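A.B. asks: My questions all concern the structure below.
The values are calculated or read from the model by the stated rules, or taken from the named source; none is laboratory data. In this text the structure is predicted, and so the values were computed from the model without any measurement. With ideal geometry, Cβ positions are generated from the backbone for all residues, glycine too; neighbour counts draw on all protein chains shown. The protein model used for the area step is the full one, side chains on, heavy atoms only, and it has no ligands, DNA or RNA in it. Shrake-Rupley method; radii C 1.70, N 1.55, O 1.52, S 1.80 Å.
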Number of protein chains: 2
Amino acid sequence: MKGNFKYHNPTKLYFGEEAMSHLADELKNYGPVVMLSYGGGSIKKNGIYDAVVAALKSAGKTVVEDSGVMPNPTIEKVREGARLARENNVDLILAVGGGSTIDYAKGVSVSAWCDEDPWEKYWVRQECPECRIVPVGSVLTMVGTGSEMNAGSVITSRSTGFKRGRVFGSDVIPKFAILNPRFTFTVPQYQMVAGFFDIMSHLMEQYFAGTADCTTDYINEGLMRSLIHSTLIAAKNPHDYEARANIMWTATWALNTLLKCGKGGDWEVHQIGHAIGLVTDATHGMTLASVSLPYYRHVMHDGLHQFVRFAKNVWGVRPEGKSDEQVALEGLSCLEAWMKEIGVVMHSRELGVTEENIPAVADATLLLPVGYRTLTRDEVIEILKESL
Amino acid sequence: MKGNFKYHNPTKLYFGEEAMSHLADELKNYGPVVMLSYGGGSIKKNGIYDAVVAALKSAGKTVVEDSGVMPNPTIEKVREGARLARENNVDLILAVGGGSTIDYAKGVSVSAWCDEDPWEKYWVRQECPECRIVPVGSVLTMVGTGSEMNAGSVITSRSTGFKRGRVFGSDVIPKFAILNPRFTFTVPQYQMVAGFFDIMSHLMEQYFAGTADCTTDYINEGLMRSLIHSTLIAAKNPHDYEARANIMWTATWALNTLLKCGKGGDWEVHQIGHAIGLVTDATHGMTLASVSLPYYRHVMHDGLHQFVRFAKNVWGVRPEGKSDEQVALEGLSCLEAWMKEIGVVMHSRELGVTEENIPAVADATLLLPVGYRTLTRDEVIEILKESL
C-alpha cells in the first residue's frame, strides 16, 4: 500500500432475492416526495416498476415520474431532471435501472439546487457541489458500472461533443442499493455481456498501474477470477442465479473505490471507449471490449511485471521455460479467448468505427497521464486502427 | 452468493504515514468531551500519545483520561469505563491501541447509558442496545483483530468464567480509524506475530464454510495470499513499511463483514482460543495458532472440496496425480510451514495448557453449530490433547 488515502463508503447494500422487501423500510428515512427515475419501458414489462411503486405507496410517498433516461445519459436530460426535482422539491431520487440511470440520478442530485450550469461546473471545471445535494437510492436492474456504490457520473454533452466521467465525493454516493440478481435476468444478452466486459475493464484498468506490492492487487485478482468463472456460466445460461449473483457482487466491488486504495489506475481504455461511444453511440461495455486487446498489447512492455503477474495469477499461465514477454502475451491470449467465449464485440468496426471517423474518435479521447504509459494522439489512432 | 444479506460499513478509514493529520479535523464532528482510552504506557513512550493529545488540543477538546485497558479486557473494566463516560457525559470515546482497546471502547459505548447490567444484557442475552450509544473512533497501534472497522467486542468476565464475543449492529461500528502502519512498528515481535496469525485465522474461519461458488471466497483467497507474502517479509524485518502496510490493510478487510457476505463461517477455532485465553490469559493470536492445525486436520474431511481449493488457490499446490485428501493435507502442511517461518506458538503447552486444565478449557468452549462440523466436548478435548 503506497501513499496516503481515505476510504469511506457508506452505501447500504441489500442483496438477494428478497432485497426488495427492505425498500419500503429504507424509504422511511426520507421525506415524502420521491422522484422515480428510469429509462424506457422495460421495467414496466418485467414487474420491477410495479414492485417499486408498491413499496413507494406502502411508505406513503408522493411519486414524481421521471422516465426516458437514455443509455449514455445527456446533460440536456440532466438539466430537465434537475428542473423537475427542484420544482417538486424532491426528498429522494430513486433510480431504477443500470449505470446510466444511476449516473444520471447523481447528475440531477447535484444540479437540482445548483445555480450555475452543471455541465460547466461539474464535468468541465470538475468543481465540488456547494448546494444542497438530493439523496439518491437505487434499484439495480443491470450490472456493470458499479454506479450503485460509487460517486461516479458519466454524462454526455451532445452540443459540445464530449462524454466525460466525474467522480464526486462520498456525499454523492447513493445512500442505498437494492441488489436482486433475478432483476438482471431480463437484460438482453448483448447488454448483459457488455456489462460483463465493463466489469472486467474496471478491474483491469485499476490493476494495470503501479509497481509496488499492494494488497489491493491481490483482492483484484480474486475478483477477476470469480468474474471469469461466473461469466462463462452466465453467458451460456443467463438464468443461473449463482453465477449472476456472483457477477452482480463483483461489479459492485469492482468500482466502489476499494480497488484504488494504495495504488494508481490507468483508465485510458475507458477514455477511448467514451470517445467511441460519443461518435457512434455504441454500448459502453462493447466499446471497451473492442479496443482492450490492441491497447494492452500496445502498453504491455511498459508494465511487463504486472502483465506477467496477470497471466500467472488470473489465468494460471505457467511461466516455466518462457520469457516474461511470452508469459505476458499468453495472459492476453487467455483474455482474448475468454472474450470470444462470452461473446463480446471484438472489432470496433462492428460498432461503427471506420477509417474515416477514427480522427474524430481520437480528438474526443482524453489522454490521461497515468497508468504505465501516456498515449499520444498518434498512438490512439494506431490502437483504433488495430481495433477495426 | 447465497441467501439474503445486508452490507453496510460506514467507518471512515484514514490510511498512511500522514493519516494522523486528519484526526483534528475528524474530531470536529463531535462534541467537546473526549474520553481517551488506552492500555499501558507504551503509547507514552513511542510518541503516539503526544500526537493524539496534540490533535485533541488543537480541536479544543476536554480530555477524560481512561488508561489501563488490559489485553483480554474485562467486564469489570467496562463497567468502570461506562461510569466514567456517563459521569463526564463524553461525546466520543477515542480508543488508542489494538483490538483489546477498541473492543473495550465499544463495550463502554453501549454501557455508559444502559441501566441494566451490560454483561448480562449484551454478552449473555445478546440483546441490542436501546440506550444512547457513545460514538467510538480509533487510532490503531496494533494490527490483527479488525476491530477498527467492525461491530465486534470480545469481553471477559472473570467472575463468571467466560470470554465472549458479541457482534453489535452498524450503529456500534467505529466512526473513523486512523491507520498509520508506522504506529505498529514498536509492537514487540511476539505480539506482532500473534496479530498476523489472528488475521489468518479470521480469513480461514470465514473461508472454511459453505459449498457454493461465492465471490467472497475469491476475495478471501486474495487477502490470504497477500497476508502470507507480507508476513514472511515483516517477520524478518518488522520495519518494512510496505509489508506492514499491506498487513494492516488486510487485517481491516479480514473482519469488516465483507468476507461473510453470501456465505457462512466456522469460528470454532476462535471459541477454543477464547477458552484457552480465559484459562491461561495467553495472547489471543497465539491461542488460535496453537489449535488450528489439529482442528483443521480434524474437520478436513467434512469440507474436503474447500480444503483442496485452499491448497491449490492459496498455496499453489499442484493437484496432478494426487488424491483430494493428499492435496488438502499438502495445503495444511504449507500452512504449518508458514506458521513456523513467521514464528507463532505451535503447541498449546507453551501457553499454559496442560493435561490437567484441558477439561476446564473444554468446558469454557462454545460449540458452534456452523462450519463443516459441529464439535462435541470430547472432540474439543481430543483437539486440545493433540495441540499440547
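A.B. asks: Search segment B:234-249 for residues being without any contact (Cβ under 8 Å) to a residue 24 or more places away in the chain and within 12 Å of chain A (Cβ to nearest Cβ), and hand back the single one that is nearest to B:R373 (Cα to Cα).
C.D. replies: Only one residue fits best here, namely B:N246.
A.B. asks: Do we find that B:V193 is open to solvent by 40 Å² or more (accessible area, probe 1.4 Å) and under 17 Å from the mean Cα position of the chain (by Cα) in this structure?
C.D. replies: no
A.B. asks: Please go through segment A:65-76 and pick out each residue that is surrounded by fewer than 19 Cβ atoms within 10 Å (Cβ to Cβ), without any contact (Cβ under 8 Å) to a residue 60 or more places away in the chain and farther than 14 Å from A:T141 by Cβ.
C.D. replies: Selection gives A:E65, A:G68, A:M70.
A.B. asks: Of all residues in segment A:364-375, which are exposed (fewer than 15 other Cβ atoms within 10 Å of the Cβ) and touching a helix residue (DSSP H, G or I) at 6+ places or on another chain (Cβ under 9 Å)?
C.D. replies: Hits for segment A:364-375 are A:L367, A:L368, A:V370, A:T374.
A.B. asks: Which condition number does A:N4 fail, the rest of (1) of a type outside the set (A, V, I, L, M, F, W, C); (2) open to solvent by less than 70 Å² (accessible area, probe 1.4 Å); (3) within 12 Å of chain B (Cβ to nearest Cβ) being met?
C.D. replies: Answer for A:N4: the failing condition is (2).
A.B. asks: Residues in segment A:178-195 that are within 14 Å of chain B (Cβ to nearest Cβ) and either under 18 Å from B:T215 (Cα atoms) or in contact with a strand residue (DSSP E or B) (Cβ under 6 Å, 6 or more places away or on another chain) (or both): how many?
C.D. replies: Number of matching residues: 6.
A.B. asks: Looking only at residues that are surrounded by fewer than 20 Cβ atoms within 10 Å (Cβ to Cβ) and of a type in the set (G, A, S) in segment A:16-26, which one is farthest from the other protein chains (Cβ to nearest Cβ)?
C.D. replies: Result: A:A24.
A.B. asks: Still on this model: Out of the residues in segment A:326-344 meeting the condition of being over 19 Å from A:N313 (Cβ atoms) and of a type in the set (V, I, T), tell me which one is surrounded by the fewest Cβ atoms within 10 Å (Cβ to Cβ).
C.D. replies: Looking at the filtered set, the residue picked out is A:I342.
A.B. asks: Only one of these conditions is not met by B:V291: (1) assigned to a helix (DSSP H, G or I); (2) surrounded by 21 or more Cβ atoms within 10 Å (Cβ to Cβ); (3) within 8 Å of another protein chain (Cβ to nearest Cβ). Which number is it?
C.D. replies: Every listed condition holds for B:V291 apart from (3).
A.B. asks: Could I ask something else about it? One residue is enough: does segment A:126-134 have a residue meeting the conditions surrounded by fewer than 21 Cβ atoms within 10 Å (Cβ to Cβ), at positive phi and touching a strand residue (DSSP E or B) at 6+ places or on another chain (Cβ under 9 Å)?
C.D. replies: yes
A.B. asks: If you don't mind, there's one more thing I want to ask. What do you reckon, is A:V317 on the phi < 0 side of the Ramachandran plot and either free of Cβ contacts under 8 Å to residues at least 60 places away in the same chain or part of a loop (DSSP other than H, G, I, E, B) (or both)?
C.D. replies: Yes; evaluated as a whole, the condition is true for this residue.
A.B. asks: In segment B:100-131, how many residues are within 20 Å of B:D66 (Cα to Cα) and charged (D, E, K, R)?
C.D. replies: 2
A.B. asks: Let me ask another. Scan segment B:219-249 residue by residue and report those that are among the polar types (S, T, N, Q), over 16 Å from A:W253 (Cα atoms) and in a helix (DSSP H, G or I).
C.D. replies: B:S226, B:S230, B:T231, B:N246
A.B. asks: Let me ask something else about it. In segment B:6-15, is there at least one residue being charged (D, E, K, R) and assigned to a loop (DSSP other than H, G, I, E, B)?
C.D. replies: No, every residue in segment B:6-15 fails to be charged (D, E, K, R) and assigned to a loop (DSSP other than H, G, I, E, B).
A.B. asks: Sticking with this structure for a sec: Mind telling me which of the residues A:G264, A:G277 ends up being closer than 20 Å to A:M339 by Cβ and out of contact with any Phe, Trp or Tyr (no Cβ under 8 Å at 6 or more places or on another chain)?
C.D. replies: Criteria check complete, one pass: A:G277.
A.B. asks: Every residue in segment A:15-33 that is among the aromatic types (F, W, Y), closer than 27 Å to A:L84 by Cβ and in contact with a helix residue (DSSP H, G or I) (Cβ under 9 Å, 6 or more places away or on another chain), please.
C.D. replies: If the condition is that a residue be among the aromatic types (F, W, Y), closer than 27 Å to A:L84 by Cβ and in contact with a helix residue (DSSP H, G or I) (Cβ under 9 Å, 6 or more places away or on another chain), then no residue fits.
A.B. asks: Let me ask something else about it. Could you check segment B:158-197 and list, in sequence order, the residues that are assigned to a helix (DSSP H, G or I) and farther than 21 Å from B:F307 by Cβ?
C.D. replies: Of everything in segment B:158-197, those that are assigned to a helix (DSSP H, G or I) and farther than 21 Å from B:F307 by Cβ turn out to be B:P181, B:R182, B:F183, B:T184, B:Q189, B:Y190, B:Q191, B:M192, B:V193, B:A194, B:G195, B:F196.
A.B. asks: Also: Report whether or not A:S292 is within 23 Å of the chain's Cα centre (by Cα) and not basic (K, R).
C.D. replies: yes
A.B. asks: Which is open to solvent by less than 10 Å² (accessible area, probe 1.4 Å) and touching a strand residue (DSSP E or B) at 6+ places or on another chain (Cβ under 9 Å), of B:M149, B:M142, B:M200?
C.D. replies: B:M149
A.B. asks: Another question, if that's okay. Which of (1) within 15 Å of the chain's Cα centre (by Cα); (2) within 13 Å of chain A (Cβ to nearest Cβ); (3) at pLDDT below 95 does B:H274 not meet, given it meets every other one?
C.D. replies: B:H274 satisfies every listed condition except (2).
A.B. asks: For segment A:203-218, how many residues are modelled with pLDDT of 95 or more, open to solvent by 10 Å² or more (accessible area, probe 1.4 Å) and outside any helix (DSSP H, G or I)?
C.D. replies: 1
A.B. asks: Could I ask something else about it? I need a count of the residues in segment A:36-84 that are over 23 Å from A:G277 (Cβ atoms), outside any loop (DSSP other than H, G, I, E, B) and touching a Lys or Arg at 6+ places or on another chain (Cβ under 7 Å).
C.D. replies: Going through segment A:36-84 one residue at a time, the tally reaches 0.
A.B. asks: Could you check segment A:196-228 and list, in sequence order, the residues that are within 21 Å of B:H229 (Cα to Cα), facing chain B (nearest Cβ under 10 Å) and not aliphatic (A, V, I, L, M)?
C.D. replies: A:D213, A:C214, A:T215, A:T216, A:D217, A:Y218, A:N220, A:E221, A:G222, A:R225
A.B. asks: Right, next: Collect the residues in segment A:333-388 that are touching a Lys or Arg at 6+ places or on another chain (Cβ under 6 Å) and not in a loop (DSSP other than H, G, I, E, B), keeping them in residue-number order.
C.D. replies: Result: A:A362, single match.
A.B. asks: Testing A:T231 on (1) modelled with pLDDT of 95 or more; (2) at the interface with another protein chain (Cβ under 10 Å from one of its Cβ atoms), one condition comes back false. Which one is that?
C.D. replies: Every condition holds for A:T231 apart from (2).
Yes or no, residue by residue, for (1) open to solvent by less than 10 Å² (accessible area, probe 1.4 Å); (2) among the small types (G, A, S); (3) within 14 Å of chain A (Cβ to nearest Cβ):
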{"residue": "B:H8", "(1), (2), (3)": "no, no, yes"}
{"residue": "B:Y14", "(1), (2), (3)": "no, no, yes"}
{"residue": "B:K28", "(1), (2), (3)": "no, no, no"}
{"residue": "B:G40", "(1), (2), (3)": "no, yes, no"}
{"residue": "B:N46", "(1), (2), (3)": "no, no, no"}
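Residues checked against (1) open to solvent by 10 Å² or more (accessible area, probe 1.4 Å); (2) polar (S, T, N, Q); (3) free of Cβ contacts under 8 Å to residues at least 24 places away in the same chain; (4) farther than 28 Å from B:L179 by Cβ:
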position	(1), (2), (3), (4)
B:A251	no, no, no, no
B:L255	yes, no, no, no
B:V269	no, no, no, no
B:H298	yes, no, no, yes
B:D302	yes, no, no, yes
B:N313	yes, yes, no, no
